[in-house]
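One structure below.
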4 protein chains.
Amino acid sequence: VSFVINSIMANSKYEYVKKFELDDRLLPGVWLVCRIDGRGFHKFTSEHAFRKPNDLRALELMNKCASRVLEEFDDVVVAYGQSDEFSFVLSKEAALFKRRSAKISTAIVSLFASSYVFYWKEYFHEEVLRYPPAFDARIVCYPNIEVLRDYLSWRQVDCHINNLYNTCFWTLVESGKSPKEAEERLCGTFSDDKNELLFSDFGINYNDIPAIFRRGSILRWDLVDKMVKRASGKEVQRVIPAVVTVHDDWIKDAFWIENPRLLEGRK
Amino acid sequence: VSFVINSIMANSKYEYVKKFELDDRLLPGVWLVCRIDGRGFHKFTSEHAFRKPNDLRALELMNKCASRVLEEFDDVVVAYGQSDEFSFVLSKEAALFKRRSAKISTAIVSLFASSYVFYWKEYFHEEVLRYPPAFDARIVCYPNIEVLRDYLSWRQVDCHINNLYNTCFWTLVESGKSPKEAEERLCGTFSDDKNELLFSDFGINYNDIPAIFRRGSILRWDLVDKMVKRASGKEVQRVIPAVVTVHDDWIKDAFWIENPRLLEGRK
Amino acid sequence: VSFVINSIMANSKYEYVKKFELDDRLLPGVWLVCRIDGRGFHKFTSEHAFRKPNDLRALELMNKCASRVLEEFDDVVVAYGQSDEFSFVLSKEAALFKRRSAKISTAIVSLFASSYVFYWKEYFHEEVLRYPPAFDARIVCYPNIEVLRDYLSWRQVDCHINNLYNTCFWTLVESGKSPKEAEERLCGTFSDDKNELLFSDFGINYNDIPAIFRRGSILRWDLVDKMVKRASGKEVQRVIPAVVTVHDDWIKDAFWIENPRLLEGRK
Amino acid sequence: VSFVINSIMANSKYEYVKKFELDDRLLPGVWLVCRIDGRGFHKFTSEHAFRKPNDLRALELMNKCASRVLEEFDDVVVAYGQSDEFSFVLSKEAALFKRRSAKISTAIVSLFASSYVFYWKEYFHEEVLRYPPAFDARIVCYPNIEVLRDYLSWRQVDCHINNLYNTCFWTLVESGKSPKEAEERLCGTFSDDKNELLFSDFGINYNDIPAIFRRGSILRWDLVDKMVKRASGKEVQRVIPAVVTVHDDWIKDAFWIENPRLLEGRK
């Protein structure tokens, strides 16, 4: 009974513990990049029979989850994904959660993770999800567009290096080599050696491999035509903002010249 | 082609962007509490027809997700949940992710969120999940057991205050009052007024309401008897550590006297 | 004796306490401003009979201390002082103490404070320093030149507002008004009212007041001619970098157009 | 003129730059240790002909500066100094500057540094101070008395190890050895070897060396008898709190048993 009667007073008495929560606001005026990474995805991909070297279903599911994040958080202006990672770029003017670091990263990563389970069946069909996956996330501040572009280039080069290696590796393995032999064959090779290997030994032109594998996915806002039903029931064409996915090379200046408003987001 | 040939060099060139990631390690020797909260759960509960004032299915789903977190992360020694929030207590010796704050909070919250979708059907059956939910999370450091206990008491008193209010409110509404009338009826009342109201007007003894509603859920490690199948096929009883859920009053000293090893976790 | 024999082992045993020191490195690629402020200078100025509204000796002593800071720390590219405060701008490439925040602010503020006592007599002559003064310091990150310039303008406007007010206040007091009357006379007046008051009632043209009072002091590196004695004993003129003090209006673009390399420091 | 008229408006326009200052409050409920270290004191001691292996004047000057810090900041409960470093312990309830880290460290270090110059002559007499010294400071949080005591023991063991080595080294050098020979003689020796060396070769009993050199200085509040002049002119004895300096071994439990209220400070 004393529990009941004194509860409000008790709460005031305990409320001082809130003061232990420290402010984690991020610097204003800088770009924020929230990058999420799959936790234990080596095991996860093998338990769920992901196709090697790339599983289109998995990449498209990742893209779907990321598009949910863009739609939910206005301050996310562009996203880039490859393998089991996704980077979300928040505008330097972003005021989301007063720029509180933990709020931003946890809201994004939890929506991404719940979406991964929610949309799994849409992409993996009969392949049953055996257990809920986890991701981690971090936020890094980038003070200007030059270094932000270098970050984005870094991830795309990383995508390329890994994909070229994995493509060679799994092609060798499929051709009958053991994983160990494949690894040894590739040890010490440069990018052009690997291209040559694919072309000479297997007739594969690396540039013919789908761009989503070679370059990853850029999710951005664009204006698209859409048929919208009016109250009257009549369908009309409207130009509306929507998240679109491209697989361009954004290391090159050309990309940024052609997409001058990319970092402005939905507006 | 130049993209391909120079990719490794390019990556080294861009790798400097890693230096913008700052160290966010938390103080050693203090208890860490990671509290997660449902985002936009007012809308979420109404879209999914949650029962008022409490939905047992929802609370048990939350508990299930939390037990996944305890099983996954050894350093989480106890957890407390109520409504759409859960607090995870990490040992003061916790070395998880080198105590990097963002890693800990995002790994926990993303596993919780993906579990929420994964296990939804087990608890909500025919009630379809309409969209993936999100949670936020924060980590707070508590330097000693006294203040940690005060934190845990704070959350349990909060549970009680809200539940007593909500029980009265929805009982009034079910009895025919409008929400506005119910609110006015409760305005300015103390805990004992509310108990009296429930008892006199509706014959409800508040203490008969299930403890999970009144006190929330404490998830802890305990040794339980379990039948285990040996290699020979014979079943034998074993004592193994497992996550158990109780609904005790841990504001009182008695609880801590009876559970002296609670904060030691699985060990 | 056991103290002596086991001391090294003891030290290893205690060294774990170093792990409680957390990393406080500041974001790379942003300008750092370390601003120091006199602590308790209201009392300090009255105990040391500072002249009102401005004491040239005090301002020149501050400038001297600041020039020591510029000479000591290469990464400080420019400094701005007024009243009992000084702002030190560190280059966005600054690597001083690996950009550890506490190291930078404490090294600067302690050198400033010890210099204040060390050089006191040079400026205050027979006025005896009664006790050692203290300053506090903080470091703020500014991500680009626009916002850095706005910071510098903010401090210069602050100098102006305070100096105009103080000039009017002390002129009124010297003319026989009580402090209270002077305060009332100035209450609600705008800048042009104050200029008019000085001019009409006292024949003072505010713009004739020394620029160091109206605009504060900008300390910067410049190349200056200096006579240097060679080994042969012969004096020759050399162009060497030196800290120079100016009192320009750097709110205006003109200043930055005329001083395009200001933020490059000594180089 | 426009500068003058619009200054207040200009200031409001620029004031947004204040938002770039981030909160650096330290965790409540933990002990704070602010340790300051001389910067470039190798050069400083040689330029000012410090006596080797210990200069009593220098140590007493350090203690004087530290006592100023204790007198100025109530929250500093005890301090420990050796060589060119000093540690200031702030109570776990300390509310100084709302526990803002930069404020605390810079206020302490600047008062210490200005005091060093201010009191120099009192200890070094005819030895002229050639240039103003600098110190750096850092703040570390310690969550409980055990680890705080380990920190304090760590510094005292460090004092001992260095002093024993330096005593041997300079005794050897004074006896005619070159610095290189002295270093080689000591290489690989343990504490008892060094004690033996001092005793056998030079007749020095290490324990007879003044405790201030062997153990450093503990500055603490105590009640002392003091003659105070009344308004009537009559002198009376009063018990007042004052900073006292001791050179005890506080690694041993005995010290803490004898000084149970040490960490309560002035109260």
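How about the stretch D:1-65: which trypsin sites (Lys or Arg not before Pro) there are in a DSSP loop, with at most 11 other Cβ atoms within 10 Å of their Cβ? Here the trypsin sites (Lys or Arg not before Pro) that fit, given the DSSP loop and packing criteria, are D:R51.
Overall size of the stretch A:129-172 from C-alpha positions, given as principal axis extents largest first: 42, 31, 10 Å.
Filter A:K92/B:K13; C:K121/D:K18; A:K98/D:K18; B:K103/D:K103; C:K18/D:K19 down to the pairs with a C-alpha to C-alpha distance above 26 Å, please. Too far apart for the 26 Å limit: C:K121/D:K18; B:K103/D:K103; C:K18/D:K19. Each part gets one Cα centre, and for the stretch B:248-267 versus the stretch C:20-46 those centres are 45 Å apart. Per the rotation superposing chains B and D, the chain B residue found at the smallest beta carbon distance from the axis is B:P143, 2, distance in Å. Which angle between 0 and 90 degrees, to the nearest 10, do you get for helix D:145-174 versus the longest principal axis of chain D when only C-alpha atoms count? Helix D:145-174 sits at roughly 50 degrees to that axis.
Loop-located trypsin sites (Lys or Arg not before Pro) in the stretch A:102-131 (DSSP state not H, G, I, E or B) with no more than 14 neighbouring Cβ atoms inside 10 Å: A:R130.
What is the mean number of Cβ atoms from other protein chains located within 10 Å of the Cβ atom of each residue in peptide D:138-150, rounded to a whole number?
Details: counts 8, 5, 7, 9, 6, 11, 5, 0, 1, 7, 2, 2, 6.
For peptide D:138-150, the averaged partner shielding equals 5.
Based on every Cα atom in the stretch C:23-109, Rg and the maximum pairwise Cα distance Dmax equal 14.7, 44 Å.
What the pair-distance distribution of the protein assembly as shown shows, using all Cα-Cα distances binned every 20 Å from zero, is 10, 31, 35, 21, 3, 0 percent. Model label points for B:L56 and B:T189, set 7 angstrom from Cα along the Cα-to-Cβ axis, are 2.4 nm apart. Fewest neighbouring Cβ atoms within 10 Å first, the residues C:I161, A:I212, D:I257 line up as D:I257, C:I161, A:I212.
Helix A:191-202 axis versus longest C-alpha principal axis of chain A: approximately 60°, rounded to the nearest ten.
Mind putting a number on the dipole of chain D about its Cα centre? Charges go on the C-beta only, +1 for Lys and Arg and -1 for Asp and Glu, and I need it in Debye to the nearest 20.
Values: 38 positive and 39 negative charges, 264 e Å.
Dipole size: approximately 1260 debye.
Using equal-weight Cα scatterers in the Debye expression, the normalised intensity of the stretch B:31-215 in log10 at q = 0.20 Å⁻¹ is -1.33. Could you work out which residue, out of C:Q82, C:Q156, C:Q237, moves most in a Gaussian network model of chain C, that is, has the largest mean-square fluctuation with Cα springs under 10 Å? Maximum among the listed residues: C:Q237.
Distances from B:E93 to itself in the other copies, using label points 7 Å out along the Cα-Cβ axis, amount to 3.2, 4.9, 5.2 nm in increasing order. Which residue, D:H160, D:H42, D:H247, has the most motion in a Gaussian network model of chain D that connects Cα atoms within less than 10 Å? Evaluated over chain D, the most mobile residue of the options is D:H42. May I ask for the distance between the Cα centers of the stretch D:60-107 and the stretch A:159-225, given as a whole number of Å? After rounding, the separation between the Cα centres reads 61 Å.
Dipole check for the stretch D:31-156: with +1 at the C-beta of Lys and Arg, -1 at the C-beta of Asp and Glu, and the Cα centre as origin, the magnitude is about 320 Debye.
Peptide B:95-102 has a mean shielding of 3, counted as Cβ atoms of other protein chains within 10 Å of each residue's Cβ. Taken residue by residue and averaged, Cβ atoms of other chains lying within 10 Å of the Cβ of D:117-125 number 3.
Find which of A:H125, A:I251, A:F213 sits farthest along the positive direction of the dipole of chain A, computed with +1 on the beta-carbon of Lys and Arg, -1 on that of Asp and Glu, about the Cα centre. About the Cα centre, the residue reaching furthest to the positive side is A:H125.
Applying the criteria of a DSSP loop state and at most 13 other Cβ atoms within 10 Å to the chymotrypsin sites (Phe, Trp or Tyr not before Pro) of the stretch C:8-72 yields no site. Each copy carries a label point for D:A242 at 7 Å from Cα along the beta-carbon vector; from one copy to the others these points are 5.0, 7.0, 8.5 nm apart, nearest first.
Values in this text are rule-based calculations from the coordinates and carry no lab data. None of these values were measured; they are calculated from a predicted model. Heads up, the Cβs are rebuilt from the backbone with ideal geometry, glycines too, and the neighbour counts pull from every protein chain shown.
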